[in-house]
1. Measure nothing but the geometry: give the 0 to 90° angle between the long axis through the Cα atoms of 2-21 and the longest principal axis through the Cα atoms of the chain, rounded to 10°.
2. Kindly put 113, 15 in sequence by how many other C-beta atoms sit within 10 Å of each C-beta, fewest to most.
3. Once you have the Cα-Cα distance between residue 66 and residue 109, take 0.36 nm times their residue separation minus that, and quote the gain in nm to one decimal.
4. Given an 8 Å cut-off on Cα distances and at least 6 residues of separation, report the relative contact order of the range 24-113 as a percent.
5. List the equivalent ellipsoid semi-axes of the chain in whole Å, largest first, each obtained as the square root of 5λ for an eigenvalue λ of the Cα gyration tensor.
6. How many angstrom separate the Cα center of the range 61-113 from the Cα center of the range 32-60?
7. Return the distance in nm (one decimal) between the two label points of a simple spin-label model at residue 30 and residue 42, each offset 7 Å from Cα along Cα→Cβ.
8. Sum -39500 (n - 2.57) across every DSSP H segment of at least 4 residues in the chain, then divide by the residue count to get the 222 nm mean residue ellipticity, nearest 500.
Ligand SMILES: [Zn+2]
């Protein structure tokens, strides 16, 4: 499952930050999720919960921040908002937009104690 591997890498990152910054418990994880990342929020929450068992992020709340997708048209060079992958350029309709932003998921911030 896509979400499970994302959740596992997020947990790994959180644990390495925890070792470095010496906190023992994460209360809230602020996650940026791109509109084009194909992440299902419910599946992500479930995956995060199981991946976090036994770690400092066990029981942490997820705060999902949505990042809009953005792509550039290879024909006319206009940058447009994308709500799905393989969207056509809305300006010239001449080509599929090349994705520039919005496919990733990353840990933006942590509330710790
Ligand atoms: Zn165009």
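Read the figures in this text as sums done on the coordinates, not as results from a lab. Only a predicted model underlies this, so the values are computations on that prediction, with no experimental measurement involved. Glycine gets a Cβ as well: all are built from the backbone with ideal geometry, and neighbour counts include every protein chain shown.
1. Long axis of 2-21 versus the principal axis of the chain: about 50 degrees.
2. Working: 113 7, 15 15.
Fewest-to-most Cβ neighbours within 10 Å comes out as 113, 15.
3. Numbers: separation 43, 0.36 × 43 = 15.48 nm, distance 1.39 nm.
The span from residue 66 to residue 109 would gain 14.1 nm if fully extended.
4. Once normalised by length, the contact order is 43 percent.
5. Numbers: eigenvalues 234, 34, 19 Å².
Semi-axes from the Cα gyration tensor: 34, 13, 10 Å.
6. Spelled out, the Cα-based centre of one part sits 20 Å from the other.
7. 2.8 nm
8. -9000 deg cm²/dmol
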